[in-house]
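The next block holds one structure in the form of structure tokens; read it before the comments.
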Amino acid sequence: MLSDEGSRETGAPPTTPLPFPDRPVLFFGGKGGVGKTTMAAVAALDMAARGHRTLLVSTDPAHSTGDVLQAELGHRPRRVAEGCWAMEVDPEREADRYIEAVKSRVESAAPPRLLGEVYRQIDIARVSPGAVESALFDRFTRILEEEGEDYDRIVFDTAPTGQTLRLLSLPELMTTWIGGLIKRRKKVGALSQMWKNVAGSEAADLTDDPLLQALEDRRDRFQEARRVLTDSRRTAFVFVLIPERLPIWETEKAVAALSKHGVPVGAIVVNLVLPERGGGAGEDPLFAARRERQAAYLARISQSLGDWPVLRVDLQDADPVGVDALRRVPVIDTAEEVVR
């Protein structure tokens, strides 16, 4: 698993690192359209430039990461810059793969006469609420396991806030649910052994039960994922928003929800802020009014979300697309007003 100590050198670090939280695992989230994919890419490239082998993972169904980096991405890591790799996880594809894996396990454990009905129930579960999030979280835990040994830092570009909150609440819900399934499976296995003993047949070994092994394996992975998510030394969640009413309101609610689940918040990034230059008698009235409204929203962000580092990114004169442009994005720590 990723460690927060040390890194492998992959290139000369920048003179001044950007003020993102320095953790082995970073999540970037926020309302759709606020620039979280861009900020996640900026952070990943910055970490790579500082000598950390970094993996950027998109779990957003919109798959904008490849567009921002100007790279063709798939479900396996691809190198996009010195020390930086990226991949896009397709939630629907993961759900389909997960369902097929469940069917494969059931096939080896269920009586043939029941397989048709069992498969039908599994297919129904595939389109039920929460199925995609469950499969996506299963993929997330595997990324932490399989890729954590190869990378110093993993940056997740997540789906819009609502889906992300459902995803991050799964460890608590699923661990309890899987625990109940394990108990029932063991009870069924014990009863089966008892009847075989009465009938004089050889008792089955519960350690060879494929369903029980699969449930216990998933429980262990979910428990480890929860330990990672709630460890402030290893993980931080970065919220990206713009100085407008709805994104601020949604972020305030999301921060409270993450605190409830023990997921540490590392920073608030306010994107698309109008620069303070300009003004005067010749300034467009609409532009001046918008800057004034943003100032009020920035004050609200400072008041309601100021318990965490607030970073600011001014509106640029062009979209930051491609590795070179992303590396030039200035991120300001409003507490120090230091720009790289």
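The values are calculated or read from the model by the stated rules, or taken from the named source; none is laboratory data. Model, not experiment: these values are computed from the prediction. For neighbour counting, all protein chains shown are included, and Cβ atoms are generated from backbone atoms with ideal geometry for every residue, glycine included. Just so you know, the surface numbers come from the protein's heavy atoms only, side chains and all, with ligands and any DNA or RNA stripped out. Shrake-Rupley method; radii C 1.70, N 1.55, O 1.52, S 1.80 Å.
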Practice prompt. Could you run the Karplus curve 6.51 cos²θ - 1.76 cosθ + 1.60 with θ = phi - 60° over the range 135-151 and give me ³J(HN,Hα) per residue in whole Hz, x for Gly and Pro?
Written response: 5, 5, 5, 4, 5, 4, 5, 6, 4, 4, 6, 7, 8, x, 7, 9, 10
Fill in: Packing-based ranking, highest mean first, of 26-38, 142-154, 53-65, 259-271 given that Cβ atoms within 10 Å are counted
26-38, 53-65, 259-271, 142-154
Fill in: Whole-Hz ³J(HN,Hα) from phi, Karplus 6.51 cos²θ - 1.76 cosθ + 1.60, for the range 225-240, glycine and proline x
4, 5, 4, 5, 4, 9, 9, 5, 7, 10, 9, 8, 10, 10, 8, 10
Item to complete: Could you check how many percent of all C-alpha pairs in the range 228-340 are farther apart than 24 Å?
Response: 35
Worksheet item: What accessible area per residue, rounded to a whole number of Å², is obtained for the range 11-105 using a probe radius of 1.4 Å?
Response: 37
Discussion item. Per residue of the range 291-306, what does 6.51 cos²θ - 1.76 cosθ + 1.60 with θ = phi - 60° give for ³J(HN,Hα)? Whole Hz please, x for Gly and Pro, Karplus curve as stated.
Written reply: 5, 5, 5, 4, 4, 5, 5, 5, 5, 5, 4, 4, 6, 8, 10, x
Discussion item. Suppose all protein chains stay in the model; what accessible area per residue would a 1.4 Å probe give for the range 239-340, in Å²?
Written reply: 55
Worksheet, complete the sentence: The long-range amide H neighbours of residue 58, using H built 1.01 Å from N in the peptide plane and a cut-off of under 5 Å, are 87, 88, 89, 157
Item to complete: Search the structure for amide H atoms under 5 Å from the amide H of residue 273, placed 1.01 Å from N in the peptide plane, and list their residues when 5 or more places away or on another chain.
Response: 313, 314, 315
